[in-house]
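Below: one structure, written as structure tokens.
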Amino acid sequence: QVQLVESGGGLVQAGGSLRLSCAVSGRTFSTYATAWFRQAPGKEREFVATISGGGGWYADSVKGRFAISRDNAKNTVYLLMNSLKPEDTAIYYCALSVRRTPVADQFDYTYWGQGTQVTVSS
């Protein structure tokens with residue numbers, strides 16, 4: 001059974017930083033794309049960042065502030081979030097694809113975590 005467990009969310013002031021973690025179990029992790037999505041209250045889930053064997057790709061809204069990385073030995077993907085803004089407030093979800101190509105479409109991701117809340121105060 002594949003499980004994704006996020007951690008690291010919390011309350012932070014604008015301009016601060018957080019690092020989210022997503023531990024993956026039950027599936028070989030290293031060759032498949034993983035991603036972070038987020039959903040703010042009253043809004044649809046949106047793409048944040050994705051990574052596969054190479055570097056990361058980012059939504060324009062977080063480019064230059066967020067960094068996605070992965071530790072294949074630990075089966076864990078991270079999202080380092082710097083210069084946080086109140087509009088970054090959302091539930092952040094980790095997702096794992098069954099494909100190697102990293103994409104921004106949430107329907108390409110088969111496995112999902114339960115989400116972790118990030119709240120940025122102004």
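The values are calculated or read from the model by the stated rules, or taken from the named source; none is laboratory data. The structure presented is a predicted model; accordingly, all values stated were derived computationally and were not measured. Cβ: placed from backbone, ideal geometry, glycine included. Neighbour counts: every protein chain shown. Side chains are part of the model used for accessible areas, which takes the heavy atoms of the whole protein and leaves out ligands, DNA and RNA. Shrake-Rupley method; radii C 1.70, N 1.55, O 1.52, S 1.80 Å.
A few notes on this one:
- Which numbered condition residue 48 misses (of (1) at negative phi; (2) outside any strand (DSSP E or B); (3) not charged (D, E, K, R)): (2)
- Residues in region 71-122 that are of a type outside the set (Val, Ile, Thr), more than 12 Å from residue 38 (Cα to Cα), open to solvent by 60 Å² or more (accessible area, probe 1.4 Å) and in a loop (DSSP other than H, G, I, E, B): 72, 73, 74, 83, 85, 99, 100, 105, 122.
- Looking only at region 2-35, and only at residues there that are on the phi > 0 side of the Ramachandran plot and assigned to a loop (DSSP other than H, G, I, E, B), the one that is nearest to the chain's Cα centre (by Cα): 8
- Residue 8 under 12 Å from residue 88 (Cα atoms), out of contact with any helix residue (DSSP H, G or I) (no Cβ under 8 Å at 6 or more places or on another chain), of a type in the set (Gly, Ala, Ser) and open to solvent by less than 50 Å² (accessible area, probe 1.4 Å): no
- Residue count for region 36-70, restricted to those that are open to solvent by 60 Å² or more (accessible area, probe 1.4 Å), under 14 Å from the mean Cα position of the chain (by Cα) and of a type in the set (D, E, K, R): 3
- Single unsatisfied condition, residue 63 versus (1) charged (D, E, K, R); (2) in contact with a Leu (Cβ under 8 Å, 6 or more places away or on another chain); (3) in a loop (DSSP other than H, G, I, E, B): (2)
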